[in-house]
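Data block below; observations after.
Coordinate-derived values only; no laboratory data. Being a predicted model, the structure only gives us computed values, none of them experimental. Every residue, glycine as well, gets a Cβ built from its backbone with ideal geometry; the counts of neighbours run over all protein chains shown.
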Amino acid sequence: MKNITVIILTYNTPEKIISNCLESIDSDIKIIIVENSKTFLYDKNILSKFKNVEIVCTGKNLGYGAGNNYGIQLSKTDYILILNPDIICDKDFFFNLKKITDEKQNFSIIGCQYLHDDIFMPAGFFDKTKNQEFIKNFKNNKIDELEKVDWVTGCSMLINLKKFENKRIFDENFFLYFEEFDLCKSLMDKGNNVYTSQKLKIHHLGFKSSINQDLSNERAVNNLREWHWMWSTFYFYKKNFSYLYALKKTLGKFIKAFFKIIFYSITSKQAKKNKYKHRFLGIYNALINRPSTFRNDTEKI
C-alpha cells in the first residue's frame, strides 16, 4: 500500500463531502488533494484530521485532465488511485485493492464499480454490439471478478504508471468530460489492458464535487457542462476516429439545438434557451477547431 497515491481533484468542494471521502480511505495511504483554484478553504481542518494528506493548489481551474496530471506529477509511487471527492470507498475496498495489485501486474487501468449499478454503467466497450452484450452479462452478474473492457468511468480508477512513458497521461485539450474514455481508447489501441473489478466497490454521490446554492452560479455551472459535453464529444470522436465520424455523431444534436434556441426564444423560456445555446456553441467551436476555452463566469464560484 506504500506504493499507491490517491489523487483527489477538488474545486471549491464542500468540506463535508471531502471529509467523507477521506474517511473511507486507508490511513496508511498517501493522499494528494489537488485544489483546482488559488485557495483551498479547509486546509487547517483537513490537515489536522488526516495526517496522510497533502494539499496543493493549481492556481486556476485546469479541468479534470490537467488537474489530475498536476497531482500525478507530484506523486512518487507506481500506482495512482484517482477518486472524485464525492466518492466513498466500500469498507473492503483497500483490502481488495492490495490483493488485486499483488496478483495482477499486467494492467494499465482498473476501474471500480458502484455499490448501486442500476444508475450508471461503470465500464463498457466502444463497439455497440459488444457493449450491449457486456451490459446484459453485467446486469445478470455473468462477468468475471476482473473483466477486461475497453473503457471505465473516471470517477474512480487505479492507474499503473509503469505502463506509461511519462506522468502526463490525460489529454489536456479536454477541460471536462471524455478524458477517461480518450485515455482508455489510446491504451486499447496500443494493446494495453483495461479492466473493471467487482471487488473495488464505491458509492458515488454524483455531481457533488462542486456545489453552490446560488441559483445564478448553478446556471453558470450547467451552461459550462452543456458546452463542454458537446465540445468534448466532437473532439473525442474526431481525435480517435475521424472528423467526418465526429460530424456524423453530433450533426443531429447540432441541428436540434439550433431549432430549440429559436423555439425557446419565441416562448421566452430563458433557461431552456441557454441550455441549447451552449450545446450549439460547444459543437460549433469544436467544428471549427477552436480549443475548449469556454469558462463562463464559473471562476467566481
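In the chain, with Lys and Arg counted as +1 and Asp and Glu as -1 at Cβ, which of these residues, Trp151, Tyr276, Asn3, has the Cα nearest the positive end of the dipole, that is, farthest along it? The residue sitting farthest along the positive end of the dipole is Tyr276.
Sorting Leu287, Leu244 by the number of Cβ atoms found within 10 Å of their own Cβ, with the fewest placed first, yields Leu244, Leu287.
Note on the chain: dipole from Cβ charges, positive end direction compared against Phe241, Asn84, Met188; the farthest Cα belongs to Phe241. Below 12 Å, Cα to Cα, which aspartates and glutamates can Lys272 reach? Residues fewer than 8 away in the same chain don't count. The qualifying aspartates and glutamates are Glu226.
The charge dipole of segment 4-204, taken about its Cα centre with unit charges on the Cβ atoms of Lys, Arg (+1), Asp and Glu (-1) only, comes to about 220 debye. Measuring nothing but how far apart in sequence close Cα pairs (under 8 Å, 6+ apart) lie, relative to its length, the chain scores a relative contact order of 20 percent.
Simple rule: put +1 on each Lys or Arg Cβ and -1 on each Asp or Glu Cβ in the chain, find the dipole, and look at Ile266, Gly59, Phe134; the Cα lying farthest toward the positive end is Ile266. Cross-link check: pairs Lys2/Lys201; Lys44/Lys98; Lys253/Lys273; Lys139/Lys239 evaluated at a Cα-Cα cut-off of 25 Å; pairs beyond the cut-off: Lys44/Lys98; Lys139/Lys239. Couplings 3J(HN,Hα) for segment 262-273, derived from phi with the Karplus relation 6.51 cos²θ - 1.76 cosθ + 1.60 (θ = phi - 60°), are 5, 4, 6, 5, 5, 8, 6, 9, 5, 4, 5, 4 Hz, where x marks Gly and Pro. As a proxy for reagent exposure, Cys89, Cys57, Cys112 were ordered by neighbouring Cβ count within 10 angstrom, fewest first; the result is Cys57, Cys89, Cys112. Using the Karplus relation 6.51 cos²θ - 1.76 cosθ + 1.60 with θ = phi - 60°, the per-residue 3J(HN,Hα) values for segment 93-109 come to 4, 7, 4, 5, 4, 4, 4, 5, 5, 5, 8, 10, 9, 8, 9, 9, 9 Hz, with x marking Gly and Pro. For Met157, the residues 5 or more places off, or on other chains, whose built amide H falls under 5 Å of its own are Ile82. Fully extending the segment from Leu244 to Ser27 would add 73.2 nm, taking 0.36 nm per residue of separation and subtracting the current Cα-Cα distance. Note that segment 230-239 has calculated 3J(HN,Hα) couplings of 6, 4, 5, 4, 5, 4, 4, 5, 5, 5 Hz, one per residue in order, obtained from phi through the Karplus relation 6.51 cos²θ - 1.76 cosθ + 1.60 (θ = phi - 60°); glycine and proline are x.
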